[in-house]
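The values are calculated or read from the model by the stated rules, or taken from the named source; none is laboratory data. This is a predicted model, so every value here is computed, not measured. Positions of Cβ are backbone-derived with ideal geometry, glycine not excepted, and every protein chain shown enters the neighbour counts. Accessible surface areas use protein heavy atoms only, side chains included; no ligands, DNA or RNA. Shrake-Rupley method; radii C 1.70, N 1.55, O 1.52, S 1.80 Å.
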Amino acid sequence: MQPEISVIVPFYNEEESIHRMHSAIVDAVEPLGVPFEMVFVNDGSRDRTLEIATNIARADERVMVVNFRRNYGQTPAMAAGIEQANGRVLVTMDGDLQNDPRDIEQFLAKIDEGFDIVVGWRHNRQDKLVSRKIPSKIANWIIGKVTGVPIKDNGCSLKAYRAELIKAIPLYSEMHRFIPAVASIAGPRIAEIKVRHHARQFGPSRSMACPGSTRCCSTSW
Ligand code: UDP
Ligand code: MG
């Protein structure tokens with residue numbers, strides 16, 4: 001059966017979170033009574049993320065694993081998941097338990113209302129003030145002015161899209177943060193809703209520090 005919803009999650013060295021993430025998504029989405037799949041993208045993790053993801057997929061046929069042999073970054077990982085997803089509505093979220101799958105229900109309700117893109121706003125963001133929240137406020141303000149699409153929190157990964165719209169947008173570099181602005185050329189209806197946000201439970205941000213990598217990782221906000 002074709003899934004109605006695809007939940008797409010990138011993982012980079014998230015061996016502590018991935019089981020919890022799977023359970024949290026299932027607990028939140030199963031009660032909604034619509035067919036769904038989970039697309040777990042392993043972004044070249046050097047820990048047991050791939051092994052655990054593969055075991056989860058063996059036990060739950062709704063899980064698809066997409067594997068990168070090296071670390072490409074959050075946007076390419078998300079893009080690969082989007083490309084492979086089969087749902088009519090695609091939901092993207094982080095795999096470190098900072099986003100909360102219990103919010104997915106309100107994203108789907110907005111899509112049902114007729115919106116094409118629904119963007120999360122971490123109004124109570126649990127990240128550092130000086131290194132993350134202040135740069136984020138400035139960046140969001142500038143993006144809003146430049147693009148004419150005033151979104152409070154472009155950096156929030158928790159978003160939902162109609163599949164045909166997001167699949168038509170090529171994603172590269174750190175572009176996952178700008179999808180609503182890029183998509184706005186096609187004139188979609190965009191909604192922004194408040195979401196829960198939790199502090200990172202396990203280790204440091206995977207986007208800010210990538211030891212041994214030549215990729216620039218300081219663009220996370
Ligand atoms: N991530 C990824 N590849 C990377 C860096 C991060 O797939 O090169 C994943 C990471 O595992 C997490 C999500 O992207 O699921 C967000 O990353 P992170 O929590 O480090 O970003 P932050 O919340 O600090 O912006
Ligand atoms: Mg995080």
- Message: Just to be sure I understand: if I project the alpha-carbon convex hull of the stretch 1-143 onto a plane and average over all orientations, what area do I get in nm²?
- Response: 9.5 nm²
- Task: Go ahead and set up a Gaussian network model of the chain, Cα springs under 10 Å, then flag whichever of Lys159, Lys194, Lys128 fluctuates most.
- Result: Lys128
- Query: In whole Hz, what ³J(HN,Hα) sequence does the stretch 189-205 give by Karplus (6.51, -1.76, 1.60; θ = phi - 60°), x for Gly and Pro?
  - Reply: 8, 10, 10, 10, 10, 5, 10, 6, 8, 10, 5, 4, 8, 10, x, x, 3
- Message: I need the peptides 22-34, 71-83 ranked by packing, meaning the mean over residues of other C-beta atoms within 10 angstrom, with the highest value on top.
- Response: 71-83, 22-34
- Query: When we measure straight from the Cα of Lys133, which lysines land under 20 angstrom away, once same-chain ones fewer than 8 places off are left out?
  - Reply: Lys145, Lys152, Lys159, Lys194
- Item | Mean ellipticity per residue at 222 nm, deg cm²/dmol - from DSSP H runs of n ≥ 4 across the chain, formula -39500 (n - 2.57) | -9000 deg cm²/dmol
- Might you work out the accessible area of Lys167 for me, using a 1.4 Å probe with all protein chains in place, and round it to the nearest 10 Å²? 90 Å²
- Message: I need the phi-derived Karplus couplings for the stretch 76-88: 6.51 cos²θ - 1.76 cosθ + 1.60, θ = phi - 60°, integer Hz, Gly and Pro marked x.
- Response: x, 5, 5, 4, 5, x, 4, 4, 7, 5, 10, x, 7
- Query: Once amide H atoms are placed 1.01 Å from N in the peptide plane, what residues at a sequence separation of 5 or more from Met64, or on another chain, have their amide H within under 5 Å of its amide H?
  - Reply: Met38, Val39, Phe40
- Query: Taking amide hydrogens as modeled 1.01 Å from N in the peptide plane, which residues meet the under 5 Å criterion relative to Lys194, leaving out close sequence neighbours?
  - Reply: Trp121
- Message: In the chain, if the dipole is taken from +1 on Lys/Arg beta carbons and -1 on Asp/Glu beta carbons about the Cα centre, which of Val195, Val63, Ile52 is farthest to the positive end?
- Response: Val195
- Task: In debye, nearest 20, what is the charge dipole magnitude of the stretch 1-88 about its Cα centre with +1 on Lys and Arg Cβ and -1 on Asp and Glu Cβ, if you could check?
- Result: 260 debye
- Message: If N is the number of residues in the stretch 33-73, what value comes out of its Cα radius of gyration divided by 2.2 N^0.38 Å?
- Response: 1.24
- Item | With DNA, RNA and ligands ignored, accessible area of Glu174 (1.4 Å probe; Å², nearest 10) | 40 Å²
- Item | For Ile151, residues with placed amide H under 5 Å, excluding near neighbours | Gly144
